[in-house]
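Asks: Got a structure for you, written out below as structure tokens; questions coming shortly.
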Amino acid sequence: MTISETINRKATENLSWDIDTLIEENKKCFINNNKKTTVMKRYLVKLMFNINTDNSSNTSEFDEQIRVIEALNIEDAFYKARSFGKKEEETFLDKDNKLVSWNFIDVAEVYPLEEMKDGDQVYSTTRKIKDKTSFISYIRQKSMEIQAKNLTFA
């Protein structure tokens, strides 16, 4: 069945659809050896978690995860990311026998990934830090750890 036959069949099956909608829907698919194949797109999503620990600290801990999701469209990517986040929720005892709960908050961001080129930025965040020197030292320490563990020039 050709794309135009599919459009005509769908148009007669569901008269509430207009031809532009049908054409757009069929652009998402292509025929390969008489098999309909769905073309998935990639999206970057940010999942946010609240980590609660049985302790008397007044500090709240949050985990921010950037993930790649394959979906037909941005709405599907959002709901798929939300499903992943809910599946990641868990409660366990840590090494000090303190109860730790990872609670999924929600999907904070969804970005379509177009064709990526070398050096393209995929994520950026700006932080306000009171102790600039300690933060810079922390970042440099993390960089040295990466070099020591993974890179041959360390």
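Coordinate-derived values only; no laboratory data. Quick caveat: nothing in here was measured; it's all calculated off a predicted structure. For neighbour counting, all protein chains shown are included, and Cβ atoms are generated from backbone atoms with ideal geometry for every residue, glycine included.
Asks: Using modelled backbone amide H atoms (1.01 Å from N, in-plane), which distant-in-sequence or interchain residues come within less than 5 Å of residue 109's amide H?
Replies: 46
Asks: Going by average Cβ density within 10 Å per residue, which order do the peptides 141-147, 104-110 take, highest to lowest?
Replies: Working: 141-147: 10.7, 104-110: 15.7.
The peptides rank, most packed first, as 104-110, 141-147.
Asks: What is the total of Lys pairs in the stretch 41-123 with C-alpha atoms under 26 Å apart, excluding same-chain pairs fewer than 8 positions apart?
Replies: 13
Asks: Can you list which of the trypsin sites (Lys or Arg not before Pro) found in the stretch 39-109 are DSSP loop residues with at most 12 other C-beta atoms within 10 Å?
Replies: For trypsin sites (Lys or Arg not before Pro) across the stretch 39-109 that sit outside H, G, I, E and B with at most 12 neighbouring Cβ atoms in 10 Å, the list reads 95, 98.
Asks: Viscosity 1.306 mPa s, temperature 10 °C: Stokes-Einstein D of the stretch 52-101 from its Kirkwood Cα radius, in µm² per second?
Replies: Working: Rh = 13.3 Å.
Calculated translational D: 120 µm²/s.
Asks: I've got another one for you. Which length gain, in nm to one decimal place, applies between residue 130 and residue 149 when the Cα-Cα distance is subtracted from 0.36 nm times their residue separation? Could the numbers behind the result be given before it?
Replies: Working: separation 19, 0.36 × 19 = 6.84 nm, distance 2.99 nm.
That works out to 3.8 nm of additional length.
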